[in-house]
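Every number in this text was worked out from the coordinates using simple rules, so none of it is lab data. Model, not experiment: these values are computed from the prediction. Don't worry about glycine lacking a Cβ; one is built from the backbone with ideal geometry, like all the others, and counts go over all protein chains shown.
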Amino acid sequence: MNSTPAQSIDEWLLAEHRRIREITDRVDSAAGLPELLAILAEARPTLAAHFSGEEADEGFYDRVRSMAPNQTERVDRLEREHQAFLSEVDGLVARAQACLAGPMAQIFGDARSLAQRIRKHEVAEDQIVADSLYGDLGQGD
C-alpha cells in the first residue's frame, strides 16, 4: 500500500475488503471440491498481499495505532489473525488436494468404471435386439 492520505487508505481498504468479500462469497457458493480448491488457491496470494499492505510500515495498522492509540489492542488482535488465516487456507488447500488425489480420485475412478460396465451392458442388449430382429433367428426356411 503506497498511499499517504488517510482518505486514500480508506479507499484502498474498502476496495480490498470488497475484493476479499467477493472471494469469501465464492467460497460459500462453491459447488464442489475442485471449484473450492481453485478459489482457495486464488485467495491465498490475494489475502497475503492484502495483509502485507495492512501490516506494512506506515500501513493501515500503523496509522490506526498512531491516530487512535485506544484501538491498539484491537488492531494487534486483528493483525495476529492474519497468519492464522493464511495457515488455515494452506491447510484447507492441502486437505482438498489430498482428498482429490485420494478418496475422491477413487470415487471418480469407481464411477467411471461403473459407467463403462453399464455402457457395455447396454451394448450387449442392443446386440441382442439387432441379432433377434435383423439376424438369423435360427428358425430355418
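Things to note:
- Inter-centroid distance (Cα atoms) of the stretch 79-97 relative to the stretch 20-56, Å: 11
- For the chain, with +1 on Lys and Arg beta carbons and -1 on Asp and Glu, the positive-most of LEU86, VAL123, ALA31 along the dipole: LEU86
- Electrostatic tally near PRO45: other residues with Cβ closer than 14 Å to its Cβ, Lys and Arg +1, Asp and Glu -1, net -1.
- Folded to 0 to 90 degrees: helix 33-55 orientation relative to the chain principal axis, Cα: 10
- The Cα center of the stretch 104-137 and the Cα center of the stretch 58-73 differ in position by 69 Å.
- Local electrostatic count at SER66 - Lys and Arg +1, Asp and Glu -1, tallied over other residues with Cβ under 13 Å: -1
- Sum of side-chain charges, VAL89 neighbourhood, beta-carbon under 14 Å (Lys, Arg +1; Asp, Glu -1): -1
- Neighbour cut-off at most 13 other Cβ (10 Å), DSSP loop, GluC sites (Glu not before Pro), the stretch 17-119: GLU58
- Low-density loop positions, trypsin sites (Lys or Arg not before Pro), the stretch 79-128 - DSSP coil, at most 15 other Cβ in 10 Å: none
- Kirkwood hydrodynamic radius of the chain, from the reciprocal of the average inverse Cα-Cα distance over all distinct pairs: 19.9 Å.
- Theoretical ellipticity at 222 nm over the chain - DSSP helices of four or more residues, -39500 (n - 2.57) apiece, nearest 500: -29000 deg cm²/dmol
- Taking other C-beta atoms within 10 Å as the exposure proxy, PHE51, PHE108 rank PHE108, PHE51 from fewest upward.
- Check: the chain dipole with +1 on Lys, Arg Cβ and -1 on Asp, Glu Cβ, in debye: 280
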